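Enquirer: Here it is: the structure, laid out below.
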Amino acid sequence: MPSSFPPFAISIFFNKSKGSVMANIFVPFPSSPSHKCNIKLWVSMEGKETEGMLKMTTDKRQQKRSRSDREEERDRLSELPDCVVLHIMEFMDTKYAVQTCVLSKRWKDLWKRLTYLGFNTTLFNNVVKFNKFVSRVLSGRDGSVSLLNLEFTRRGMAEPKLFNRLMKYAVLHNVQQFTVSLNLSFRQSFEFRPYIFSCESLTFLKLSFNSFDTSIVALPGSLNMPALKSLQLEAVSFTARDNDYAEPFSTCNVLNTLILDGCSLHKDAKFLSISNSSLSSLTISGSFEGGAYKIVLSTPNLSSLTVTGHNNHTISSACNLSFLEEVTIDTLGYTLFPNTDLLIISWLQVLTNVKILRLYSGTLLTILRDISNPASVSTQPPCCVQLKSLILENQPSADISFEQLKRAVEYLLQNSPQRRID
């Protein structure tokens, strides 16, 4: 922002249902510091200028002003500096940002300098218009401006050509945050080119695919993203490298947060190795489509672990997880997969250093079922030697009686010397 321009305040209101964006900008002007400029802009979904209104308010000492002065101030809208207008555009979907060019001739090409691009098919009447719009934006945008944030939401049948072009564009323009949501439910194949997994500038990546077949999108054996801090993956498959296990995260040297939702192993991979020395937060959400497989943790600095969904994975650890602060388990441990008896108990036997353990009533019912199994006689209860708090959460869909609760708690805590029940 130019140093000569005074501080300003901006409020953004985005109404998706009405397809409109309103921005309030409050600016004191150097010529009259007591003046406040309240500018309201509306941009319609149809791309037409519906209203651009400027209101001036003054204090009582400045009320007696000539008409020429007031008329002069009415043109402050077109005098807004580019940095203010661009800042407002960053809060809009790119469709609306491009439409602001009709408000002022000087704003015609401002959208080409956006550092945020957001594309969503729900804002278009048909897919053809959406695809054309995305292509025109990518072709017309100023390539010398880095792309900080890109969001792409595609409902209906996604086309791989456009999506792959989008990924390549993001990598070439040093994208830092990349969010994708694609519907692949009715596709038998999808030509996914992993450009994004070699992006050195990326710090946040979320790939969400809605698919009955999680093998459609297969990740490469290694992810070369040295700046990546947060990674969220839904309905993708992990590929084994030269051995029989997949180990995709070991080269992400600053990865802090990892969320896996309904992911699977691809072809010949026997198990998934989550190996990363910087990882502190891990969420594993299972699904019927993703299946059940073995997960080996090699995460010495892990402090938070959440296991949810239809989760029947076997979890083990190659380190003692000495920094593990909190574990949350919200899964029913379904028996649709073989060898799932005592599954949750086996997880707790791995997570012995946990300090705060949060269990949901459905999980407790599964534990009760397992300890009623004759096979559990030879299985030792978990020994959580550092446990300070056991938090129990009730679920209406899995109501548990007081007697059942008491039995489950007694079993879980009999080898835990320090504990508090919440």
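The values are calculated or read from the model by the stated rules, or taken from the named source; none is laboratory data. Bear in mind that the values here come from a model prediction, so they are computed numbers and not experimental data. Cβ placement follows ideal geometry from the backbone for every residue including glycine, while neighbour counts extend to all protein chains displayed. Just the protein is used for accessible areas: all its heavy atoms, side chains included, with ligands, DNA and RNA removed. Shrake-Rupley method; radii C 1.70, N 1.55, O 1.52, S 1.80 Å.
Enquirer: Let me cross-check Lys388: its accessible surface, 1.4 Å probe, with only protein heavy atoms counted, in Å² to the nearest 10?
Expert: Rounded to the nearest 10, that gives 120 Å².
Enquirer: Compare Phe249, Phe204 by solvent-accessible area with a 1.4 Å probe and give them largest first, with all protein chains kept in place.
Expert: Phe204, Phe249
Enquirer: Using a 1.4 Å probe, how large is the accessible area of Glu200, given in Å² and rounded to the nearest 10?
Expert: Near enough 130 Å² of accessible area.
Enquirer: How large is the accessible surface per residue of region 82-413, computed with a 1.4 Å probe and reported in Å² as a whole number?
Expert: Here the per-residue accessible area is 43 Å².
Enquirer: Could you work out the local net charge near Arg241, counting Lys and Arg as +1, Asp and Glu as -1, over the other residues with Cβ closer than 15 Å to its Cβ?
Expert: Here the charged neighbours net out to -2.
Enquirer: Please tell me which of these pairs span more than 29 angstrom C-alpha to C-alpha: Lys270/Lys406; Lys132/Lys229; Lys168/Lys229; Lys161/Lys267; Lys112/Lys168; Lys294/Lys406?
Expert: Going by Cα-Cα distance, Lys270/Lys406; Lys132/Lys229; Lys294/Lys406 fall outside the 29 Å limit.
Enquirer: Can you list the HN-Hα couplings for region 408-413, worked out from phi with the Karplus curve (6.51, -1.76, 1.60; θ = phi - 60°), rounded to whole Hz and with x for Gly and Pro?
Expert: Residue by residue, region 408-413 yields 5, 5, 4, 5, 5, 9 Hz.
Enquirer: Counting only protein heavy atoms, what percent of the accessible surface of region 82-413 is carbon or sulfur at a 1.4 Å probe?
Expert: Summing carbon and sulfur atoms, their accessible area is 51 percent of the total for region 82-413.
Enquirer: I would also like to ask the following. Need the full-extension length gain, Lys270 to Cys319, defined as separation in residues times 0.36 nm minus the C-alpha distance. One decimal, nm.
Expert: Length gained between Lys270 and Cys319: 15.6 nm.
Enquirer: Relative contact order (percent) for region 82-413, with alpha-carbon contacts under 8 angstrom and 6 or more residues of separation?
Expert: Result for region 82-413 is 8 percent.
Enquirer: What list of ³J(HN,Hα) couplings, whole Hz, do you get for region 110-115 from phi and the Karplus terms 6.51, -1.76, 1.60, once you set θ to phi - 60° and write x for glycine and proline?
Expert: Ordered by residue, 3J(HN,Hα) equals 4, 4, 5, 9, 5, 9 Hz.
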